[in-house]
Every structure is written in structure tokens, then in C-alpha cells.
Amino acid sequence: MASNVHAPDGQHYYVPNGSPWPIIAAVALFALMVGAVLYLDDVTGPWSLLIGPVLLLIMFGGWFHTVIGENQQGVYNTQVDRSFRMGMMWFIFSEVMFFAAFFGALFYARVFAVPWLGGAGIRALTNLILWPHYEAAWPTNGPGHIGGERFQSMSAYGIAAINTLVLLTSGLTVTIAHHALRAGKRTRLKIFLALTFLLGFTFVALQAHEYYDAYTRLNLRLTTGIYGSTFFMLTGFHGLHVTIGAIMLVVVWLRVLRGHFTPRQHFAFEAVTWYWHFVDVVWLFLFVFVYWL
Amino acid sequence: MAEPHAETTAHAEHEHMPHGWRRWVFATNHKDIGTMYLVASCVMFFIGGAAAMVIRAQLFQPGGKLVDPGVFNSLITLHGLIMIFGAIMPAWVGLANWMIPLQIGAPDMALPRLNNLSFWILPFAFSLLIATLFVPGSAPAGGWTMYPPLVLQFGDSFPMLIFAIHLMGISSILGAINVIVTIMNLRAPGMTLLRMPLFVWTWLITAFLLIAVMPVLAGAVTMLLTDHFFGTSFFNAAGGGDPVMFQHIFWFFGHPEVYIMILPAFGVISEIIPTFSRKPLFGYEAMVYATASIAFLSFIVWAHHMFTVGLPVSAQLFFMFSTMLIAVPTGVKVFNWAATMWKGSLTFEPPMLFAVAFLFLFSIGGFSGLMLALVPADYQYHGTYFVVAHFHYVLVSGAAFAIMGAVYYWLPKWSGRMYDMTLAKWHFWLSAIFVNVLFFPQHFLGLAGMPRRIPDYAVQFTDWNMVSSIGGFAFGLSQLLLPYVVWKCVRSGKRVEANKTWDGAHGLEWELPSPAPFHSWTVPPSEALIARGAEH
Amino acid sequence: MYRAGLGIFSRTLVLLAAAAGAPAADAQSGWSLINMPRGVTNVSRKIYGLHMMGLWVCVGIAVVVFGVMIWSLIFHRRSRGAVADVTMVHNTKVEIIWTAIPVLILVSMAVPAANLLVRINNNSHAQLSIRVTGFQWGWQYQYVGTPVSFVSKLGYRSDEARELDSGISPYAVPHYLLTVDHPLVVPTGEKIRLLVTSVDVIHSWWLPDFGVKKDAIPGFINEVSFTVDPDKPGTYRGQCTELCGRDHAYMPVVVRAVSPAEFAAWLKKQEALQKQGVDISAQQASTQTPLASPTG
Ligand code: HEA
Ligand code: HEA
Ligand code: CUA
Ligand SMILES: [Cu+2]
């Protein structure tokens, strides 16, 4: 599989020969999308949502297996390593911009749309004629009370505060693990890395509880107007990213158990760390703009 | 200099070039992937063009009875999406794949397997998009801009549209990451940033734009999806949202998107004009800075697409001024190209012909863009054929002409053969004449009051529509020459012996044999070669 | 085939004549329609002026820039023995000049544009307000402060002719696609403010002769105003300019501008009819607040 133009000597920039994984990935993505279409269009039950993720898992397994194998063979020189790093950085940047779209929606709604509906600025008549009696405030589910007359908003001091602590701590533990790796202290590395993903899963569990609470007690749902939309979409996508990040941490941890990574070369470890910090930073923004202010 | 290198590659090629379908499906070679991108782009150009032909046939006369109005709206929607995401963008990625490693002295793209994935997502994405025509209910017919609430009215095809966009977005982002990493990390020693050819520079900046805005589009269409299926209220006033919010998010993506399509064109023109003027590019550094300024400005002008939605006056003023500013760096580019030709020793091979036509016609498109930026005047222009004329000038006689010029410029390098110059010139002249017959009258139509996106019109618009349609058919037919010329060249063109096809050409790609060997700079080029290539 | 194919060729000849500058002829002839109408409001004329200024500035720049390029194309070609001056790679002074001059040109365009923009967006002191509500596919007009309200849809004959299998030539229908059953009636010489909104998707109310185009956004009200010249009563036509679904092409905007006296009489009559319970429009659009859900 990993044959190369040159003997894999780490001297040259490694250019892999043909690989089946990318096309499998493309098919998996396609299956994911088609599965979702079939489900949303009521052609099939929700099972069709599963094909894509399963294929994706297989693909990731196979692709990473190949890459890890090549890495262990030592065919990646530092330049290849740098490509991976840059690739990961820019990927994270693209994720940042994805969240930016939703934050943009939140800010737009809070700064423009809702006040306008309440008659602010050039929109006095909008309020007077179309939405009489609506008073702009945040949180809101809009003048049409979409999703029910009454709902409670999410407090910043309950689970959100605890989760902030959980995530910040996990940022700390992963950094300790990183230092341990660089210093060659494997036991400490294993412990703190495990702590990190355990904290990650704790976060997800608490968030699940928070959602449950929202739906059952607060009457706060995805359908609760713009507040519910922005709240659940932002925290939901974030939670998804935490889950993915935690799974990646588990994989890295398993690799650590197998003795992978050296104090000097551990790109995968670092990539996951960056990702984890990114998730962390997004949370801070969420905490401030979604829960707190 | 090139000899020892040629030897190693010949050897490598013999041993490692894969054969059969695996070569393409499992491809990791930047040239193979580039070729696939270009072929796919050509196919999509013809599919999008076929839709355009139906549009022009319907509009040939009033009372148009060719297709149902709903189908017509689907056709313009698909035409816009296919041309932008299927024809123009993949063509640029294909050219990036082919040329960037050659031009910076790299062995390949930095992440070859990812490269393969970026490409292979596309056929799936467009199958999903085009399949919308065949599902029950209407295909998406809300225009390529997908404004809610209209777009939310479409049924079974709606999620197909959304997920096709997601796929295209993933493909573009991964492709752009690859380009950035290749340029930042794989330049040969000595290939400093300010020695890079402008095509590489413009692509570097384009890739940055792509990574910055494609995720925003993904976010926007995701909100459409949840508004449609899961009861969110992003674009629903009753729930505290705003339909116009979609437009803001969309155009935050959409305006940079149009520069994504034109910046690489600026790069290509900056390669072709010096070559056929036999003179270094005038003001290389200014060109780099101008490109960067355009990219920066492109993030703060988006609302010029929304002057009639009822923005506060202060916002309209801001977006008018920022939009007008873009004319300055763009002007710098045009002037630099003009200065490059000045006191040159010009010849007019097909690439140069396309480049010269680009200069004139892109500028005309830019001028109408500037007129559109004048807000009070845009109150009249907006939503009319004046806008359609504007963007086809910059997209067809701009971006598409630059792509054709690039193909004629580098085809001998790719194939090792020369194409039929006479036919290529025919292709050029027919295109250049009919593109104007096709799109110039649309300015008149728009000014005289013909809205865009209508399948039928008042009788006084007949005459110019007929002219436009005739121009359209002739332009479309002329395009058949392009694949024919390429095909003929690859099959039976005369072999080119020299590394350098054009006597005035500079740059590393011309130091490699023609056709370029399967693996590019397996041994990095020497400093001397780089310096010779970077004489600007 | 409403028009003989041969007509195209004869018309191509006319095209040349028209391009040569004979746009006077008859307004129904398409060849003369190559520019924005001056219109019948102060604003529309100002916009026309701005448009012409923009156009001529661009033409001027084009003449200079294209002139230089054409010069090179002609005189600096190799076949004429031109030898490239390869030392000419950079010149800070020219580069500054050709950055500065465009800035000046742009400023000189931006200032009048900005002035006009601010003026146009002044909707205060209107004498009459009309609520304009777009729907799929037509407009509902309501005269604020009166009970008068009606729906305006594509005229019957156009509607008939536009059907796929109608067999009716559009040329046989006067003002094909630009007629409605009930035009909006406004007095000339008075400042009229429109409160534009929609009940379903986004539409856009455009009347070229007034220089007015405003999007109708469901859930929001946009304001726009105009004053028709006192000496320019007449019927003015425009169209919806935001894609709004299948019949986007079939929801024209028609306004009849009449003298204030005539308008007062008209309004009184409508009020009386309304009181008697006569539905002044054949169909009544929903007058409720916008739909709760855009999908609904
Ligand atoms: C490649 C694509 C491309 C490019 C490069 C541009 C370039 C520009 N565009 Fe265009 N535009 C589109 C693609 C593009 N556009 C598309 C697709 C749409 C419609 C989308 C839709 O609604 O479907 C659109 C719509 C659009 C609108 C909205 C119209 C409306 O819907 O009401 C506006 C308004 O300001 C605008 C402005 C401009 C300007 C100012 C530039 C400038 O960048 C142009 C700058 C260039 C020049 C000015 C010429 C060269 C300069 C000189 C020779 C120097 C001297 C000049 C001066 C000092 C004036 N464009
Ligand atoms: C990058 C982009 C790109 C390109 C290359 C083109 C190319 C063309 N476009 Fe397109 N166009 C858009 C981008 C582009 N367009 C966008 C974004 C819109 C807006 C959509 C919207 O409103 O949402 C639009 C809208 C648009 C409209 C307005 C529709 C409307 O508002 O109702 C029209 C109408 O004339 C049009 C025509 C054409 C034509 C004739 C070509 C020609 O250049 C095409 C030429 C190519 C071919 C014809 C293919 C090759 C030949 C064959 C297939 C052989 C068969 C030939 C014959 C039968 C003669 N386009
Ligand atoms: Cu209403 Cu278009
Ligand atoms: Cu734009």
C-alpha cells in the first residue's frame, strides 16, 4: 500500500501512491447526505441516517491506519509533518468560520432583528402595524411566540457554569499531558490524557442533562423562536464538536497505550490538542454570549 | 540544469505510474487530479450551458412557451449553481493542481490523498444537485441565492439542494487547505514569497478566502435546513428572526465568492500578458498588494447586493463607499497589465487573444459593477438584466475567458503537443464576438425595465432579447470548439520538443520537459533556475 | 411563431440604425429602449442624472484606458518590429498617480450619490400613506386611514394569453404582462408614502418611472415615498423584481396618477362602495398579520 516513488526514506517529501480511502470517503459522505435526504423526505425511516456514519467510521479507521503505519515506518520527514500541522490549523480555522456564521445569526438577531420587531430605529411602523404590543427583549421567541407562550431561558449559573469549569480543567489536563509526553513521562501522560477525555464526556453528559431539563421543565426547545434556535444550534454544534474531540482523545490515548508518539514527534497528539483548545475557546464565547449576557 | 532531473523522473515514471481505472479513482498525483478537475469542469460547463440555452430559447420571444415557469426558475437556479460551483471553481482548482507544484518547484500537492477526496466529492455533489430535476415536486427554483422564505417552499428536492451545497463546500475547503499548505510548505528552497508567480499568489489569497467563507455558506444553508425541517426561526419574523438575515449571511459568503472566481483569473492574465509582450510584468509587488487589498475589501462590501431590502441609510452609505473602493486596487491591476503591454513586443497567440479580450471585457463588467455600487442608481438597476449583464461580463468574458486562455497557454506543457492554432483562433474570435452580442444588449434590457428571473416579458423587450438569444446560441455552439481543439491536440497534435513553448515565457514550469513528467520536481530546482524563472 | 423568422433580419438592420442614434421613434419599439427612463418624479430624474454621470465617467475612463491598450496592440506588436523594453518593470511615481486619480474620481462620484441617497430616504411629511402587501402573486393596497383596500392582480387578458397552451399572441394583448385588474390610484403632486410588506415570500415593488424599488419582506415594513409631478398624470407600469416563485413574472405594478381632485372623488366613491359591502376587488388577499411560519 505505502509504496512510494522513492524508497520511503524520510529524505524526500512523501508522495503516496494511489489510495482507495479518499474515494471511500467520498462515497461515505455521499451516503451520509443521501441517507439524510431519504429520511427527511420520508422515504425511509431513520435507519438510513446510519449508513453514512458507519462508512465514515470504516473509512477513518482505514485511512488513519494507513497513515499511522506510514508514520511508524518513518516515511514522514519534518516537512510532511509540517504539512499535516498546517492542514490541521486551516481546518480548525474553517470550523471557526462555521461557528462564526451562527454567532453572526445570534448577534444579528439580538442587535437588529429583535429590536426592529419591537419598533427600534427605522422600524417603528413594523412594530405598530404588524406586531403591536410586542416589546423587544432578550431572550425572546418572537412576537408570534413561536414554540409556546411561556418558556424559561437558560441560566448561566447552573450547569453552564459547571461545564465551563469542566472544560477549562480539561484544557489544563491536556496541557499537562502534553508536557508529560514531551518530558517522556508516560504514566503521567496516560493519566492526564484519560482525565481529559473523561472530563469531555462529563461535559457531554451534563449538557444532555441540561437539554433534557430544557425540554421537560423550562419548556425551552429548538422550536422556541429565535432564542431556542440560536441556543440549541450553537450549543448543539458545540456539543457535537466536544463529542468528536473526546472520541479523538480516546483514540490518541489508545495509541499512547500502544507506545506510539515520541517526545519529539507526535503530530496526531498535538492536532487533537489544538482541536480541544478550539472547542474550549468556542465554549467561552458561548458561555458569554449565549448563557451570560 | 534540467537534465539530471529529467533522468530521475523518467525512471520513476516507468516504475510507478499506475494504470487503468485505479490511476484515476485512487489518484494521488496532482496532474491526474488536475486533469480530472478540468474535465469535470468542462462537463459541468456544458450542462450549465445547456440550461442557459433553454433559458435563451425561452426568452427568444415573448409569450415563451418552451418550458413551464416553474421549470424555468429551476433552470436558472441550476444554471447559476452549476456554472459557479461546477464549472468555474473546479476549473481553477484543476489549474491550481496542475500548475502550483510545477511553478513553485514542489514534488506534488502537500496532501495528495486529501486532494483526491476533494475532487471525488464533486461528481457526487452534482449528481445530487442535478437529480433534483427528477424527484417528485419541483426542483429548487429560488435562484442560486436561495433566499428564504421562498426556498423553503420546495419539497422533496429541498434537502438535496442543501446537502449538495454542503458537499461542494467540503470539497472546496479541503481543496483550499491543500493549496495553502502546498504554497506555504512546499516551495523549493530559494522560492521566496516575492518570487512566486502571480498565479500562485492569487491562488494563495483565493484559498484563504475559500476557507473563510465556504463554512459560512454551510452555516447559512444549515439554518435553512433547520428552519424547514426542525422548526427553528432564524428567518421567520414571527419567531424573532428575519428573512433578510439570510441575505446578510449568504452575501458575506457570496461576495468573496465572486472574487474567488476572479482572483485566479487575475493570476493567469498576469502570466500570459508578460509572456506575449516579451516583457516582465509591470509592478509585480503592486499586483500582490492589490490582490490582497481586493481580498480584504471583499469581506466588507456584501450588502451591496441588498440595497433595496430596507437597510438603514448609514449602512447603505458604508457599503456604497467600501464597494466603490474596490475599483482602486482593481484599477491598479488593469493599469499594470496595460503598462506591461506598453513598449512590449506583442504577438497574438490564442492565450494572448483571450487575455486581451479579458482586459477589455472584464473592465466593462467592472464599470457596470461600479455603476451598481451607486446606491440610488442601484434602486433602478437591482433585480434587472443590467445586473445579469454585469456579472456575465465579469464571469464569462472574465473568469471563463481567463480559464480558456490558461488552457491554451499550458496545454502544450501538459500534453507535450501543440494544438491547432487556427481552430483555437476561430474559437477565440467567435467567442469574443458573440459574447458581446449575447450580453451587451442585456444592459439595455435592464435599463429599459426588464426584471431578471422571468420566463416571459412585455413585448417591447423582444428585439434585444432576440439579439441576445442569437448571440447566446452562437456563443454556445462556438464553445464546442474548445473540447474539440483539446481532444485533437491530445490525440494527434504535433509534438513540442522544447521545454519552453512560448519564447517569452518565464517560470519554473517552463524548465520541465513537455509533457511535464508524471512526478514533478522530485529533486528541487536549483536557485539559479528559480532566479531565472522569477525575473520580474 | 408570432413573428416571422425573417422579421429578425430586417430588424437587425433597424438595430444598426437605432444604435447609430435614432431613439426617438415609438415607445413600443424595442430598439429604442436602451436607457433608463427619466421618469416623472424628482427622485427618478435625479437618479437618471446619477446614472448618466456614472455611465459617462466610466466611458471616459474606458476611452483613456482602452485607448492606451489599443495603442500598444497596434504599435507595439512584434510584426511591426517592436522590441520589448525589458527594463520597464516598475515606476513608483506612475503607480502612485494611477492609484490617486481613481480615488479622486470615485470621491467625485460618491459625494453626489451619497447626497441623493440621504434625500431619497426621507419619508417624513407624507400626505398619504398606502400599505402595500405582496403575496403570491399580486399586490394588496390599503389606503391608510380609510376603509379602502383592494387586491391588484395580473390583468385578465394577459393572464389568459400567458398560459402555456393559450394560442393567444402576446402582441394581441395591449401592455402584455403589464396590466392589472385594479391599479393603484394616487394623486399627483402629493408626497405619497408606501408601507411595503409581504405575507409570504419576499417580493419587490418596482416602478421605474418613479425611481422606486422596495423589497416586501414578510414580517417587516419598509417605507418608501415619491411625489409624481403635478403635470404628469397617467398610467405607469412596473413589475415585481424579486424572484417570488412560479408566477414572479406575472405580478405587475400599475399605478394611475390622477389630479388631486379626481383622486378625492375616486376615493370617496371607493369608500361608499366599501360601505355598501361591495368587494372592490374580485378577490381579497389575506389582511392578517404574516404567516406564523414561512413554510406554512
Ligand atoms: C467575477 C465575478 C464578479 C466581479 C469581479 C465583480 C466585481 C464587481 N461587482 Fe459584481 N456581481 C457579481 C460578480 C462579480 N462582480 C455577481 C455574480 C453578481 C450578482 C449576484 C446575483 O444577484 O445573482 C454581482 C452583483 C453586483 C452588485 C449588486 C447588484 C444588484 O443586485 O443590485 C453590485 C453592486 O454594487 C456589484 C458591484 C461590483 C463592483 C463594484 C465590482 C468591482 O470589483 C469591479 C472593479 C473593476 C473595475 C471598476 C474596472 C477596472 C478598473 C479600472 C479600469 C480603473 C479605473 C476605474 C475607476 C476609477 C472607476 N456587483
Ligand atoms: C460562472 C458563471 C456563469 C456562466 C459561465 C454563465 C454562462 C451563460 N449564462 Fe448565466 N448565470 C450565472 C452564471 C453564469 N452564466 C448566474 C450566477 C446566474 C444567476 C442565476 C440566478 O438568477 O439565480 C445566471 C443567469 C443567467 C441568465 C438570467 C436568467 C434569468 O434571470 O432569468 C441568463 C439569460 O440569458 C444567462 C445566460 C447565460 C448564457 C447564454 C451563458 C453562456 O455563456 C453559456 C455558454 C455555454 C454553453 C452554451 C455550453 C456549451 C454548448 C453546448 C451545450 C452545445 C449546445 C449548443 C447549442 C444548442 C446552441 N445566465
Ligand atoms: Cu413577487 Cu416576484
Ligand atoms: Cu458583490
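The values are calculated or read from the model by the stated rules, or taken from the named source; none is laboratory data. Computed from a prediction, not measured in an experiment: that's the story for all the values here. Because the Cβ atoms are built from the backbone with ideal geometry, glycine has one as well, and the counts that use them run over all protein chains shown. Accessible surface is based on the protein model in full, side chains and every heavy atom, while ligands, DNA and RNA are left aside. Shrake-Rupley method; radii C 1.70, N 1.55, O 1.52, S 1.80 Å.
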In the full protein assembly as shown, how much of B:Phe318 is accessible to a 1.4 Å probe, in Å² to the nearest 10?
100 Å²
Just report the Cα centroid separation between segment B:248-305 and segment B:219-247, whole Å.
32 Å
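Classify the protein assembly as shown from the C-alpha gyration tensor, please: rounded if a/c falls under 1.5, else prolate or oblate depending on whether a/b exceeds b/c. Please list the in-between numbers first.
Numbers: a/c = 1.97, a/b = 1.22, b/c = 1.62.
It is oblate, given that a/c is not under 1.5 and a/b is not larger than b/c.
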For labels at B:Lys494 and A:Val111 in the simple 7 Å Cα→Cβ model, what's the distance in nm?
6.3 nm
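Per-residue mean of other chain beta-carbon atoms within 10 angstrom of the beta-carbon, peptide B:64-75? Let's see the in-between values first.
On the way: counts 4, 6, 1, 1, 2, 8, 3, 1, 3, 6, 0, 0.
Across B:64-75, the average partner-chain Cβ count within 10 Å equals 3.
What shape does segment C:36-120 take by its C-alpha gyration tensor, where a ≥ b ≥ c are the square roots of the eigenvalues and a/c under 1.5 counts as rounded, a/b above b/c as prolate, and the rest as oblate? Display every interim value, and only then the final one.
Values: a/c = 8.30, a/b = 2.22, b/c = 3.73.
Note, shape of segment C:36-120 comes out oblate.
In whole percent, what relative contact order does segment C:128-286 give with Cα contacts below 8 Å and a gap of six or more residues? Don't skip to the end; give the middle numbers.
Details: 373 pairs, mean separation 42.6, N = 159.
27 percent.
If you take the accessible area of B alone plus C alone and subtract the pair, what total do you get in square angstrom, rounded to 100, with a 1.4 Å probe? Walk me through the intermediate numbers first.
On the way: alone 20760 and 18460 Å², together 30300 Å².
That pair hides around 8900 Å² of surface in total.
Could you please report the charge total around B:Glu349, scoring K, R as +1 and D, E as -1 over all other residues with beta-carbon less than 13 angstrom from its beta-carbon? Mind showing how you got there, number by number?
Working: positive: B:Arg278, B:Lys425, C:Arg77, C:Arg78; negative: B:Asp420, B:Asp503.
Result for the neighbourhood of B:Glu349: +2.
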Counting only protein heavy atoms with a 1.4 Å probe and every protein chain in place, the carbon and sulfur fraction of the accessible surface of segment C:177-241 in whole percent equals 48 percent
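Relative contact order (percent) for chain B, with alpha-carbon contacts under 8 angstrom and 6 or more residues of separation? List each step's numbers first, then the result.
Working: 879 pairs, mean separation 103.6, N = 536.
Value for chain B: 19 percent.
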Put a dot 7 Å past each Cα toward the Cβ at B:Ala315 and A:Ala161; how far apart are the dots in nm?
3.7 nm
Kindly provide the helix-only [θ] at 222 nm of the protein assembly as shown, computed as the sum of -39,500 (n - 2.57) over DSSP H runs of four or more divided by all residues, to the nearest 500 deg cm²/dmol?
-19500 deg cm²/dmol
Using alpha carbons only, how many degrees (0 to 90, rounded to 10) separate the axis of helix B:385-394 from the longest principal axis of chain B?
10 degrees
Report ³J(HN,Hα) in whole Hz for each residue of segment A:269-286, in order, from the Karplus equation J = 6.51 cos²θ - 1.76 cosθ + 1.60 where θ = phi - 60°; Gly and Pro get x.
4, 5, 4, 5, 4, 4, 4, 5, 5, 4, 4, 4, 5, 4, 4, 4, 4, 4
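What average count of beta carbons from other chains do you get within 10 Å of the Cβ of residues in B:313-324? Kindly include the intermediate steps, with their values, before the conclusion.
Details: counts 7, 2, 1, 5, 6, 0, 0, 5, 5, 0, 0, 8.
Per-residue shielding by partner chains comes out at 3.
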Just the accessible area per residue of the protein assembly as shown, please: how many Å² with a 1.4 Å probe?
36 Å²
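Ranked by accessible surface with a 1.4 Å probe, highest first, in what order do B:Glu257, B:Glu511 come?
Numbers: B:Glu257 0, B:Glu511 20 Å².
The ranking, largest first, comes out as B:Glu511, B:Glu257.
Within segment A:128-185, report the trypsin sites (Lys or Arg not before Pro) that DSSP leaves as loop and that have at most 14 other Cβ atoms within 10 Å. Don't skip to the answer; put the middle values down first.
Numbers: sites: A:Arg150, A:Arg182, A:Lys185; in loops: A:Arg150, A:Lys185.
Those satisfying the criteria are A:Arg150.
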Alpha carbon centroid spacing (whole Å) that separates segment B:338-358 from segment B:33-90:
31 Å
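Evaluate the charge dipole of the protein assembly as shown about its Cα centre and quote only its size in Debye, nearest 20, assuming +1 on the Cβ of each Lys and Arg and -1 on the Cβ of each Asp and Glu. Provide the component values of the computation, followed by the final result.
Working: 63 positive and 56 negative charges, 225 e Å.
Rounded to the nearest 20 debye, it is 1080 debye.
First compute the accessible area of chain B with a 1.4 Å probe, then give the percent of it belonging to carbon and sulfur atoms.
The computed percentage sits at 72.
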Residues meeting the amide H criterion for B:Arg417 (H placed from the backbone, H to H distance under 5 Å, 5 or more places apart or on another chain) are B:Val496
Taking only protein heavy atoms and a 1.4 Å probe, the highest-to-lowest accessible-area order of C:Lys93, B:Lys279, C:Lys153 is C:Lys93, C:Lys153, B:Lys279
Positive-end residue of A:Ala100, C:Val185, A:Leu50, charge dipole of the protein assembly as shown with Cβ unit charges:
A:Ala100
Charge-dipole axis of chain B as Lys and Arg at +1 and Asp and Glu at -1 on Cβ define it, positive-most pick from B:Leu411, B:His390, B:Leu430:
B:Leu430
Which entries in the list B:Lys31/B:Lys494; B:Lys343/C:Lys93; B:Lys65/C:Lys213; B:Lys333/B:Lys500 go over 23 Å, if you measure between the two C-alpha atoms of each?
B:Lys65/C:Lys213; B:Lys333/B:Lys500
Residue by residue through segment C:258-267, the couplings from Karplus 6.51 cos²θ - 1.76 cosθ + 1.60 with θ = phi - 60°, in Hz, x for Gly and Pro, are 10, 5, x, 5, 4, 5, 4, 5, 4, 5
Could you derive backbone 3J(HN,Hα) for segment B:117-134 from the dihedral phi with the Karplus parameters 6.51, -1.76 and 1.60 (θ = phi - 60°), listing whole Hz in sequence and x where the residue is Gly or Pro?
4, 3, 5, 5, 5, 4, x, 5, 4, 6, 4, 4, 5, 6, 4, 4, 5, 10
Starting from the Cα of A:Leu168, step 7 Å toward the Cβ, then list every residue of segment A:270-289 with an amide N under 17 Å from that point.
A:277-289
Threshold 50 Å², segment B:338-356 residues less accessible with all protein chains present than alone (1.4 Å probe)
B:Trp342, B:Lys343, B:Ser345, B:Leu346, B:Phe348
Starting from the Cα of C:Lys268, draw a straight line to each of the lysines and keep only those under 21 Å, dropping any in the same chain fewer than 8 residues away.
C:Lys191
Pulled fully out, how much extra length does the chain show between C:Met88 and C:Val63, if you take 0.36 nm times their separation in residues and subtract their Cα-Cα distance?
6.6 nm
Assuming R0 = 30 Å, can you tell me the calculated FRET efficiency for the pair A:Phe285 and B:Ser293, based on Cβ-Cβ distance, to the nearest 0.05?
0.55
Given an 8 Å cut-off on Cα distances and at least 6 residues of separation, report the relative contact order of chain A as a percent.
16 percent
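Please report the net charge: other residues with Cβ closer than 14 Å to the Cβ of A:Pro22, K and R +1, D and E -1.
Values: positive: B:Arg22, B:Arg23, B:Arg113; negative: B:Asp32.
Neighbourhood net charge equals +2.
Does segment C:128-286 classify as rounded, prolate or oblate by the C-alpha gyration tensor (a ≥ b ≥ c root eigenvalues; a/c under 1.5 gives rounded; else a/b over b/c gives prolate, otherwise oblate)? The partial results should precede the final answer.
Numbers: a/c = 1.40, a/b = 1.31, b/c = 1.07.
It comes out rounded by the Cα gyration axes.
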Output field shielding_mean for B:367-375 (other chain Cβ, 10 Å radius) holds 6
Summed buried accessible surface, chains B and A, 1.4 Å probe, nearest 100 Å²:
5600 Å²
Where the accessible area of segment C:40-168 is counted over protein heavy atoms with a 1.4 Å probe, how much of it, in %, is carbon and sulfur?
66 percent
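How about segment B:164-231: which chymotrypsin sites (Phe, Trp or Tyr not before Pro) there are in a DSSP loop, with at most 13 other Cβ atoms within 10 Å of their Cβ?
Counting only loop positions with at most 13 other Cβ atoms within 10 Å, none of the chymotrypsin sites (Phe, Trp or Tyr not before Pro) in segment B:164-231 qualifies.
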For segment B:396-417 and segment C:45-65, what is the separation of their Cα centres, given in Å?
34 Å
